[in-house]
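Trainee: The structure that follows is given in the form of structure tokens.
The values are calculated or read from the model by the stated rules, or taken from the named source; none is laboratory data. As the structure is a prediction and not an experimental result, all values here were calculated from the model. Note: ideal-geometry Cβ built from the backbone for every residue, glycine included; neighbour counts use all protein chains shown. The accessibility values were calculated without ligands, DNA or RNA, using every heavy atom of the protein model including side chains. Shrake-Rupley method; radii C 1.70, N 1.55, O 1.52, S 1.80 Å.
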Amino acid sequence: MKKILVTGALGQIGSELIMKLRDIYGADQVIATDIRKNEEDPVVQSGPFEVLDVTDGNRMFELAKKHGVDTIMHLAALLSATAEAKPLLAWNLNMGGLVNALEAARELNCQFFTPSSIGAFGPTTPKDNTPQDTIQRPTTMYGVNKVSGELLCDYYHQKFGVDTRGVRFPGLISYVAPPGGGTTDYAVDIYYKAIQHGAYTSYIGKGTYMDMMYMPDALNAIVSLMEADASKLIHRNAFNVTAMSIEPEDVAAAIRKHIPEFTLSYEVDPVRQAIADSWPNSIDATAAMQEWGFKAEYDLDKMTEDMLAKLRGKLLQQVG
Ligand code: AKB
């Protein structure tokens with residue numbers, strides 16, 4: 001039975017991953033950690049929780065040791081737009097946190113997961129159907145962190161034998177916890193505004209394609225990769241995974257199937273647009289499919305139907 005420590009547990013991925021892991025492995029088997037504690041949060045209420053600043057390597061090691069974990073899932077990180085606004089903080093937090101988590105995994109012989117991102121690619125990467133192994137010369141601090149992180153995870157595997165695994169996530173869409181500071185966040189905001197106002201002003205321009213995935217598929221990908229037979233993994237770290245390549249008009253058209261009067265306008269943010277323009281239009285997930293059976297269940301229409309229904313319920317509850 002796995003015993004897992006998760007960092008960044010109150011973030012967009014962590015909030016849902018913790019609940020899924022507790023369902024699968026048992027509530028006490030999953031130690032949630034985050035830099036802040038919110039007593040009301042289901043993550044805090046449903047099992048062990050510890051306050052942890054990931055830049056504090058000693059505390060991370062002590063917590064992992066105290067709870068006797070055999071797996072570390074390191075999620076705490078600044079996303080692309082925030083990292084671009086605060087590059088030094090991003091370097092210190094994203095790289096400092098990662099190396100502390102890898103060190104704890106090395107010393108305690110833990111299996112290890114951390115997400116990379118489509119942000120690990122740059123303007124010289126092939127833009128369409130981006131291969132698993134290709135040019136990676138990102139021009140953002142977030143991208144520099146992600147490529148360095150991919151290499152560091154490979155290094156810890158090759159040099160120290162740590163069982164490191166990871167995926168390159170596209171934009172993740174979910175209704176539970178909002179993302180913060182990402183470039184792909186428009187694809188989440190648009191659903192909130194469609195329900196609340198019937199209209200959305202996008203900071204990402206018309207015709208800007210990026211890969212996206214619905215959160216249930218992202219969570220299944222993490223669990224499948226961590227459970228996969230190690231002997232079948234050629235890449236280990238940073239598998240391309242995706243469910244759809246979409247632009248704002250595609251999301252609007254999918255929303256209009258449920259809210260016909262929905263309108264989309266644009267006020268492009270040059271910083272986030274430049275980040276998006278440096279990323280691929282679509283990535284190729286064949287290696288993930290072949291090496292550990294990755295499969296996404298949700299396309300844009302199926303995701304939109306579920307997202308609107310779940311979000312309506314959530315927003316109604318908040319009002320009531
Ligand atoms: C971001 O937009 O920064 C993230 C990502 C694609 O890594 N959602």
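Trainee: Anything in region 189-216 that is buried (at least 22 other Cβ atoms within 10 Å of the Cβ) and not aromatic (F, W, Y)? List them, or say none.
Mentor: Correct list: I190, A194, S202, I204, M210, D211, M212, M213, M215.
Trainee: Further question on the same structure: Answer yes if at least one residue in region 100-108 is open to solvent by 40 Å² or more (accessible area, probe 1.4 Å), away from the ligand (no atom under 14 Å from the Cβ) and part of a loop (DSSP other than H, G, I, E, B), and no otherwise.
Mentor: Looking through region 100-108, none of the residues is open to solvent by 40 Å² or more (accessible area, probe 1.4 Å), away from the ligand (no atom under 14 Å from the Cβ) and part of a loop (DSSP other than H, G, I, E, B).
Trainee: Please go through region 186-202 and give me each residue that is touching a helix residue (DSSP H, G or I) at 6+ places or on another chain (Cβ under 8 Å) and within 12 Å of the ligand (Cβ to nearest atom), ordered by number.
Mentor: Those that are touching a helix residue (DSSP H, G or I) at 6+ places or on another chain (Cβ under 8 Å) and within 12 Å of the ligand (Cβ to nearest atom): Y186, A187.
Trainee: To continue, here is another question. Can you tell me which residue within region 129-171, out of those that are in contact with a Pro (Cβ under 7 Å, 6 or more places away or on another chain) and in a loop (DSSP other than H, G, I, E, B), is least open to solvent (accessible area, probe 1.4 Å)?
Mentor: G166
Trainee: Exactly one condition in (1) touching a strand residue (DSSP E or B) at 6+ places or on another chain (Cβ under 7 Å); (2) more than 14 Å from the ligand (Cβ to nearest atom); (3) among the aliphatic types (A, V, I, L, M) is false for A218; which is it?
Mentor: Single failed check for A218: (2).
Trainee: In region 35-77, which residue that is of a type in the set (K, R) and part of a loop (DSSP other than H, G, I, E, B) is least open to solvent (accessible area, probe 1.4 Å)?
Mentor: So the residue we want is K37.
Trainee: Please determine whether any residue of region 112-124 is outside any helix (DSSP H, G or I), aromatic (F, W, Y) and more than 16 Å from the ligand (Cβ to nearest atom).
Mentor: The answer is yes; a qualifying residue exists.
Trainee: Given the conditions (1) within 15 Å of the ligand (Cβ to nearest atom); (2) part of a loop (DSSP other than H, G, I, E, B); (3) buried (at least 16 other Cβ atoms within 10 Å of the Cβ); (4) within 19 Å of the chain's Cα centre (by Cα), which single one is not true for P178?
Mentor: In the conditions (1) within 15 Å of the ligand (Cβ to nearest atom); (2) part of a loop (DSSP other than H, G, I, E, B); (3) buried (at least 16 other Cβ atoms within 10 Å of the Cβ); (4) within 19 Å of the chain's Cα centre (by Cα), P178 misses (3) alone.
Trainee: Name the residues in region 127-166 that are within 12 Å of the ligand (Cβ to nearest atom) and either outside the structural domain of A104 (by TED's automatic domain parsing) or aromatic (F, W, Y) (or both), would you?
Mentor: From region 127-166, those within 12 Å of the ligand (Cβ to nearest atom) are 138, 140-143, 145-146, 149; that's our starting set.
Hit for region 127-166 is Y142, nothing else.
Trainee: I'd like the residue in region 78-94 that is outside any helix (DSSP H, G or I) and among the aliphatic types (A, V, I, L, M) and, out of all such residues, is farthest from the ligand (Cβ to nearest atom).
Mentor: L78
Trainee: While we're here: Right, M289: without any contact (Cβ under 8 Å) to a residue 24 or more places away in the chain and closer than 16 Å to A218 by Cβ or not?
Mentor: Criteria met by M289.
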